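Colleague: Structure below; questions to follow.
The values are calculated or read from the model by the stated rules, or taken from the named source; none is laboratory data. The shown structure was predicted, so the numbers you read here are calculated from the model rather than taken from an experiment. Positions of Cβ are generated from backbone atoms using ideal geometry, with glycine treated the same way; all protein chains shown enter the neighbour counts. Quick note on the areas: whole protein, heavy atoms, side chains included, nothing else; ligands and nucleic acids left out. Shrake-Rupley method; radii C 1.70, N 1.55, O 1.52, S 1.80 Å.
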Amino acid sequence: QVQVVESGGGLVQDGGSLRLSCAASGTTDSIFAIGWDRQPPGKQREWVGNIFRGGSTNYAGSVKGRFTIPRDNAKNTVYLQMNNLKPEDTAVYYCNVSIQGASYWGQGTQVTVSS
């Protein structure tokens with residue numbers, strides 16, 4: 001089993017920065033990828049970006065150039081570094097870990113960007 005815990009959400013002003021953390025524990029030896037999704041209020045969940053085992057990353061167009069996904073392998077932790085935040089980035093952010101064809105999700109963390 002894999003446990004996924006997000007943290008780091010909060011309230012930030014337009015143009016500010018925030019870093020979310022995603023810690024994976026349990027049977028994590030075969031992690032294929034770790035990704036971030038978000039669900040804005042009243043909207044469907046949307047993909048934000050992910051990082052693969054080899055370190056390559058990709059991002060949704062709406063966040064490219066503003067968000068990055070660094071990782072700390074020693075801590076089995078991946079981050080979502082969010083810069084130049086906009087009110088439309090307000091959402092619950094979810095981390096998911098892909099292992100051997102299965103996905104494990106965290107409980108989500110709220111990010112609110114005030115204008």
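Colleague: Mind telling me which of the residues Val113, Val63 ends up being out of contact with any Leu (no Cβ under 6 Å at 6 or more places or on another chain) and among the β-branched types (Val, Ile, Thr)?
Modeller: After ruling out the rest, the residue left standing is Val63.
Colleague: In region 24-49, how many are more than 15 Å from Thr68 (Cα to Cα), open to solvent by 40 Å² or more (accessible area, probe 1.4 Å) and in a strand (DSSP E or B)?
Modeller: Qualifying residue count, region 24-49: 5.
Colleague: Give the number of residues within region 50-88 that are part of a strand (DSSP E or B) and either under 17 Å from Ile99 (Cβ atoms) or modelled with pLDDT of 95 or more (or both).
Modeller: 16
Colleague: If you check Gln44 against the conditions, is it modelled with pLDDT of 95 or more, more than 11 Å from the chain's Cα centre (by Cα) and closer than 18 Å to Cys22 by Cβ?
Modeller: Against the criterion (modelled with pLDDT of 95 or more, more than 11 Å from the chain's Cα centre (by Cα) and closer than 18 Å to Cys22 by Cβ), Gln44 does not qualify.
Colleague: Additional query: Which one is nearest to Gln39 (Cα to Cα) among residues in region 61-113 that are among the hydroxyl-bearing types (Ser, Thr, Tyr) and open to solvent by 40 Å² or more (accessible area, probe 1.4 Å)?
Modeller: Thr112
Colleague: Any chance you could count how many residues in region 7-21 are open to solvent by less than 30 Å² (accessible area, probe 1.4 Å) and more than 14 Å from Tyr93 (Cβ to Cβ)?
Modeller: 1
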